[in-house]
Amino acid sequence: MKVDVLLGLQWGDEGKGKIVDFISNKYDIIARFQGGPNAGHTIKFNQQKYVLHTIPSGIFNENVNNIIGNGVVIDPVTLCAELDMLDKMQINYKKNLFISRKAHLIIPTHKHLDAASEIAKGKDKIGSTLRGITPTYMDKTGRNGLRIGDCELQSFDKKLQNLTKKHLHILKHYNYKADLTKQIDVWFKAIDRIKSIPFINSEYVFHDALSKNKNILAEGAQGTLLDLDFGTYPFVTSSNTIASGACNGLGIAPNSIKEVIGIFKAYCTRVGSGPFPTELKDKTGDKMAKKGNEFGSTTGRARRCGWIDLPALKYAININGVTQLSMMKSDVLSGFKTIKVCTSYNYKGAEINYLPYDLDDELITPNYTEIEGWDEDISCMTSMNTMPKAFLKYIDFLEKELNKPISIISVGPDRSQTIFK
Ligand code: GDP
Ligand code: IMO
Ligand code: MG
């Protein structure tokens, strides 16, 4: 009887989807608890690559039920595109995909509001994925939102009209023209299609599963440093990406959480604006980006790259109560003569080991420890026994510094390129 939580410890795209898929056979239910189609979770096996935005990453395991939790915001059009992808690949989701009635709906004007807000911010823009995430969560907290369960009510059309009207009023204020004619049609068609997926009172399903000793994995989106409260605000997303978000986003109690699996890259990336103390704006950063193929899974934007940041990782571990770690993209670091690890920062003339309130790249410089690199290609390694000594030293250093076990090492994007340590 337990819930494990799997989440990102950096700025997203750590490789959460890959690990959820990899460990899915240990669970009865996989449930997404927050975010929406701003997420892009990549899974690779049998020479096929799948990118999921809304659907939990356990969908390729027919023995697992996949639930889109109440904390998620759903764009029916994106969700239908995901269903199309699964249909095309003959992945049967008809029996193991469910949606919480309490999940909120992204309506066409939410995306326009996202765009209008970013345009208005100018050079201070957040770098949003423009998927309508923030305006939808704003309507949720403002108690104006439309939920999945509303599709089943007679008042649905009226509610949608009222909300759209309100949005058009705000868009006028932004001087932003939104052409909605086609979009509303497409959106309604998508709503009709997703009605074929069972809508459920998911919190009851989780409670029932726990009472029957079933295992649940809560799948996070984004990463801890994008958390609304504890991330690099305001350059964050609009949901709680941290472990406590699983309680709100699924309706499970804190004391039902057992393991918290923290996913991190062997280096660090960020897409969108905002501070990134260890960012490399040089050839080394370009090399990481190229080797790691660092382009966003949702927007295709280039990801910024830099060395691993231990003060930020330790912060993320504490905020989430992480019990075990998965290190991703280890293969990308092959061929670097030395690997740098940020162990503290210089900030306003003092050495610190925490993220300051006014984190600003202009005010902060990282202090690095240098570790010997390795040349061997590790992407085909299947056991720790054959790993280069320098790589093992890197792992050892990180485990000692972070004071948590790294239980999974990923050496490539494919499901098979994963080692239990
Ligand atoms: P998520 O959002 O956390 O699920 O991560 P994304 O799917 O957005 O980004 C991770 C990217 O890295 C994807 O393209 C994965 O296929 C890829 N990937 C995952 N693990 C590894 C790894 O160990 N090595 C390499 N080279 N690529 C990986
Ligand atoms: P996964 O789940 C990486 C970033 C955006 C932007 C900020 C706010 O794939 O790890 P939003 O659209 O939420 O208003 O954007 O957050 N962002 C992500 N970066 N991975 C993600 O998800 C992200 N989801 C949002 O780039 O900087
Ligand atoms: Mg991603």
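The values are calculated or read from the model by the stated rules, or taken from the named source; none is laboratory data. Keep in mind that what you see is a predicted model, and the values were worked out from it rather than measured. Using ideal geometry, Cβ is built from the backbone for each residue, glycine included, and neighbour counts are taken over all protein chains shown. What goes into the accessible areas is simple: the full protein's heavy atoms, side chains included, and nothing from ligands, DNA or RNA. Shrake-Rupley method; radii C 1.70, N 1.55, O 1.52, S 1.80 Å.
Some notes on this structure:
- Scan of region 102-113 for residues that are open to solvent by less than 70 Å² (accessible area, probe 1.4 Å) and of a type outside the set (S, T, N, Q), ordered by number: Ala103, His104, Leu105, Ile106, Ile107, Pro108, His110, His112, Leu113
- In region 262-296, the residue that is least open to solvent (accessible area, probe 1.4 Å) out of those that are touching a Ser or Thr at 6+ places or on another chain (Cβ under 8 Å) and of a type in the set (Val, Ile, Thr) is Ile263.
- Criterion violated by Glu118 - all others in (1) farther than 21 Å from Pro76 by Cβ; (2) in contact (Cβ under 8 Å) with a residue 24 or more places away in the chain; (3) in contact with a Leu (Cβ under 9 Å, 6 or more places away or on another chain); (4) not basic (Lys, Arg) satisfied: (2)
- In region 114-145, the residues that are open to solvent by 20 Å² or more (accessible area, probe 1.4 Å), of a type in the set (A, V, I, L, M, F, W, C), in contact with a helix residue (DSSP H, G or I) (Cβ under 9 Å, 6 or more places away or on another chain) and part of a helix (DSSP H, G or I): Met138
- Only one of Glu362, Glu370, Glu351 that is open to solvent by 20 Å² or more (accessible area, probe 1.4 Å), outside any loop (DSSP other than H, G, I, E, B) and either without any contact (Cβ under 8 Å) to a residue 24 or more places away in the chain or among the small types (Gly, Ala, Ser) (or both): Glu351
- Within region 146-165, the set of residues being more than 16 Å from Ile74 (Cβ to Cβ) and either modelled with pLDDT under 95 or surrounded by fewer than 15 Cβ atoms within 10 Å (Cβ to Cβ) (or both) comprises Leu153, Gln154, Ser155, Asp157, Lys158, Gln161, Asn162, Lys165.
- Pick from region 60-93, criterion closer than 21 Å to Phe22 by Cα and within 16 Å of ligand 3 (Cβ to nearest atom), ranking: least open to solvent (accessible area, probe 1.4 Å): Glu82
- In the set Gly35, Gly8, Gly15, only one residue is farther than 24 Å from His104 by Cβ, at pLDDT 95 or above and within 13 Å of ligand 3 (Cβ to nearest atom); that residue is Gly15.
- Among the residues of region 297-310, the one identified as surrounded by fewer than 20 Cβ atoms within 10 Å (Cβ to Cβ) and either closer than 18 Å to Thr278 by Cα or modelled with pLDDT of 95 or more (or both) is Ala302.
- Answer residue from region 195-231, given it is of a type in the set (Asp, Glu), within 23 Å of the chain's Cα centre (by Cα) and not in a loop (DSSP other than H, G, I, E, B) and is farthest from Asp150 (Cα to Cα) among those: Glu219
- Qualifying positions in region 241-261 - of a type in the set (Val, Ile, Thr) and either open to solvent by less than 20 Å² (accessible area, probe 1.4 Å) or part of a loop (DSSP other than H, G, I, E, B) (or both): Thr241, Ile242, Ile252, Val260, Ile261
- Of the strands (runs of 3 or more DSSP E) contained entirely in region 1-106, those carrying at least 3 residues that are within 16 Å of ligand 2 (Cβ to nearest atom) and either among the acidic types (Asp, Glu) or within 14 Å of the chain's Cα centre (by Cα) (or both) fall at 2-8, 41-45.
- The set of residues from region 332-363 being modelled with pLDDT under 95 and aliphatic (A, V, I, L, M) comprises Leu359, Leu363.
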